Amino acid sequence: MRKKYFFLLFWGSLFFSNAQELTEKNPEFFGKKIAADKISSSGHIKCITDEYEQYLQEKNPKRLSNEKFEEWLAPLIEKYKNTRQLLNPAEVIYIPVVVHVIHNGDPYGVEENITDEQVESQITVMNQDFRKMLGTPGYNSNPVGADVMIEFVLAKVDPNGNPTNGIDRVNMCQAAWSTSSIDDYIKPATIWDPNQYMNMWSVNFSNGGLLGYATFPADSGLDGLTSGFGTDTTDGVVSGYRFFGSSDLTSGNFYPPYDKGRTMTHEVGHFLGLRHIWGDGNCSVDDFCSDTPNAAAANYGCSTIDSCPDGEGNDMIENYMDYTDDLCMNTFTNDQKLRILAVMDNSPRRVSLKTSITSVPMTLFANDAEVKIENYCTGGSCNPTHKVLLYNRGTSNLTAATLAYNVDGGNGYNYSWSGNIEPNKYELITIYTTEASGVLNVSVITANGGTDERSSNNTASKSFDLGQLPIDYPFQNFVFNLIGDRWGSETTWDLRDSNGVVLYSGGPYTNRLLNGTQNLVTNMNWSLPNNDCYSFTINDSYGDGICCTSGAGSWSITTDSGTVTVGSGGSFGFAEYLSFSTAVLSNDNFGIDDFKLYPNPTENILNISIPSEINGDLTYEIYNNLGQVLKTDKVSQKDFMIDTADWSEGVYFIRFKSETLHSTLRFIKN
């Protein structure tokens, strides 16, 4: 057995020092405890931008304190106040946006792999809100209500100069993420140039009650922002995927009352320099905007309240920078607009967004296919498989494409795809190799039966290491045991067959209040058919495994007699994997290497050579992963061919047998 670890483990040491986020009480983010008045009655935490800013200031001493930032910004705002025409500039500011949809391999539109329409609905809501659009939920008749004159546009050009729809889907191989992990790994691994794009991330937070947070802008005189804990690799806004977009505009996985897209309107307000309307609370420190009445604290729900009776009226619960329900919000004020204008004209990575041309459409061609290789999430898999994203970046529907691929520049294979992909949509396809590690190279050869009209997005390469092929065990009954650490809610596991069907699974489990281990699974019997391959995966959503941080947890798979250990573990980061087979692949008379199958993988003709010393009647049968026999025949010569052209893609077995021998081999059909 060989264990393979999740590819993110390289970064594991970055995560473990952070406090546990998913706790029974008093959750922490970026090492900061969340005050009780920042948690709604339903347990939701609307925004942790303040805690995030404090975290950034502690990590980067050159980042200005809140007080110093306001000292820098105040004279710039006064300048705009004295130039009244800037309250209503004639020119709209267009900000290019890229939305990184972070998912865990779910199909399109399932769970956190949200649809394009859900992403687009979020952009629509922000434009309605920042432009105070008449006839939309973003309109208001408030005398101080402002049209901020900012619009957001999904990017049309990616960082490589190729066409995009501004939606970047990335399988990061993990179901849920802590905020520290998002900042330490997800953002740096996925961010597009923050000088040219406003980066937005839709994720599944490990604390499902969190709605979002943003990077507050910096002042223009700051040194060192491009090094250390500067925000050049983290600048942007983040939202839980259930709070991204509007249920009024499209279907999706939404969570009312935060289902109208105002989480991102709020966080983008922070990104552009706005404070919460209550400032530091207590009716004494405001948000540096004179047209938003002081408030004692954050407001929830939609009830009218005057939390500062000695002030100038009711709290502005309709302001986007409060914590009220999405349905209540419809107002940015003139003074908030002034702050945004001052930031957009002076703050690094805000002023450059005004001149970015990445939202300007580029010339498109009719036939333009793009390939991307999805991240590898498992090791020790049953078959060396690779997931390739085939995108249509042309103006015509993509109905056919030919891909060429190889490993480390070796033997090349072609893959012929047919289907129907609309512009800016994609299809996930699977290709097979015989190599367990190396560099996979994929390129587009033809699109719609002819030459692909754009070559700059035709190739992709990615290193992989899938581990050795599974070890075979001549048993059918196995026993699974699992001892967990204190944080049972972080632990999930499953066992799948070679077709990806989940046969057994468990978790998440219950947390323990005290340190120590807990028996989560004891002597679970697995009955597994012969002639198949099985993949076991155990996950820890926080990324610290089950063995060491808080208790000595472990897992094991043994035969039912207990005499043979198939696999065991517990010391891992986000996930640990094991694959094994119950197929008997050869006997003592002849091994696998004595038979020759080529090419393997094959597209059509499979050539077979058998050992010359075999005498007597020899037959073969070919069956698929379901055990269905596809072909049976006698072997009449030492070298012969089988036509596989009409068979589906996948893994097959060919079993040779006579009175004195038997031997089974695998091959792959592309």
From (1) at pLDDT 95 or above; (2) of a type outside the set (Ser, Thr, Tyr); (3) surrounded by 20 or more Cβ atoms within 10 Å (Cβ to Cβ), pick out the condition that doesn't hold for ASN448. (3)
Selection from the range 520-536 of residues that are at pLDDT 90 or above and under 20 Å from SER571 (Cα atoms): LEU520, VAL521, THR522, PHE536
Considering only residues that are out of contact with any strand residue (DSSP E or B) (no Cβ under 7 Å at 6 or more places or on another chain) and crowded, with 20+ Cβ neighbours inside 10 Å, which ones fall in the range 125-137? GLN128, ASP129
Only listed residue being in contact (Cβ under 8 Å) with a residue 24 or more places away in the chain, under 23 Å from the mean Cα position of the chain (by Cα) and crowded, with 20+ Cβ neighbours inside 10 Å, chosen from GLU117, GLU112: GLU112
Looking at the range 257-285, which of its residues are part of a loop (DSSP other than H, G, I, E, B) and either touching a residue at least 24 places away in the same chain (Cβ under 8 Å) or surrounded by 21 or more Cβ atoms within 10 Å (Cβ to Cβ) (or both)? PRO257, TYR258, ASP259, GLY261, LEU272, GLY273, LEU274, ARG275, HIS276, ILE277, TRP278, CYS283
For the range 654-663, check the following and say yes or no: at least one residue is modelled with pLDDT of 80 or more, more than 29 Å from SER416 (Cβ to Cβ), assigned by TED's automatic domain parsing to the domain that holds ASN600 and in a loop (DSSP other than H, G, I, E, B). no
Looking at the range 328-368 only, could you name the residues that are among the aromatic types (Phe, Trp, Tyr) and touching a helix residue (DSSP H, G or I) at 6+ places or on another chain (Cβ under 9 Å)? PHE332
Run down ASN165, ASN160, ASN142 and say which single residue is out of contact with any Gly (no Cβ under 6 Å at 6 or more places or on another chain) and within 19 Å of GLU318 (Cα to Cα). ASN142
Scanning the range 40-51 for residues that are under 26 Å from the mean Cα position of the chain (by Cα) and not acidic (Asp, Glu) gives GLY43, HIS44, ILE45, LYS46, CYS47, ILE48, THR49
What is the number of the single condition among (1) buried (at least 16 other Cβ atoms within 10 Å of the Cβ); (2) aromatic (Phe, Trp, Tyr); (3) modelled with pLDDT of 85 or more that PHE640 does not meet? (1)
Is it true that some residue in the range 376-385 is at pLDDT 90 or above and either assigned by TED's automatic domain parsing to the domain that holds ALA460 or farther than 28 Å from GLU576 by Cα (or both)? no
What pairs can you find where one residue is in the range 86-108 and part of a strand (DSSP E or B), the other is modelled with pLDDT under 90, and their Cβ atoms are less than 7 Å apart, with a gap of 6+ or different chains? none
Can you pull out every residue in the range 151-196 that is hydroxyl-bearing (Ser, Thr, Tyr), out of contact with any helix residue (DSSP H, G or I) (no Cβ under 8 Å at 6 or more places or on another chain) and not in a helix (DSSP H, G or I)? THR164
In the range 304-330, what residues are of a type outside the set (Asp, Glu) and farther than 17 Å from GLY279 by Cα? THR304, LEU327, CYS328, MET329, ASN330
Checked against (1) touching a Phe, Trp or Tyr at 6+ places or on another chain (Cβ under 8 Å); (2) over 20 Å from PHE475 (Cβ atoms), THR582 satisfies every condition except (2)
So LEU8 passes all but one of these: (1) modelled with pLDDT under 80; (2) more than 29 Å from ASP326 (Cα to Cα); (3) not in a helix (DSSP H, G or I). Which condition number does it fail? (3)
Conditions: (1) of a type in the set (A, V, I, L, M); (2) out of contact with any Ser or Thr (no Cβ under 8 Å at 6 or more places or on another chain); (3) under 22 Å from GLY212 (Cα atoms); (4) assigned to a loop (DSSP other than H, G, I, E, B). VAL343 meets all but one. Number of the miss? (4)
From the list ASN346, ASN314, ASN334, pick out the single residue that is under 12 Å from VAL144 (Cα atoms) and not aromatic (Phe, Trp, Tyr). ASN334
So which residues in the range 126-150 are touching a residue at least 12 places away in the same chain (Cβ under 8 Å) and not in a loop (DSSP other than H, G, I, E, B)? MET126, ASN127, ASP129, PHE130, ARG131, GLY145, ILE150
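The values are calculated or read from the model by the stated rules, or taken from the named source; none is laboratory data. All values derive from a computational prediction rather than experimental measurement. All Cβ positions, even for glycine, are placed from backbone atoms using ideal geometry, and neighbour counts span all protein chains on display.
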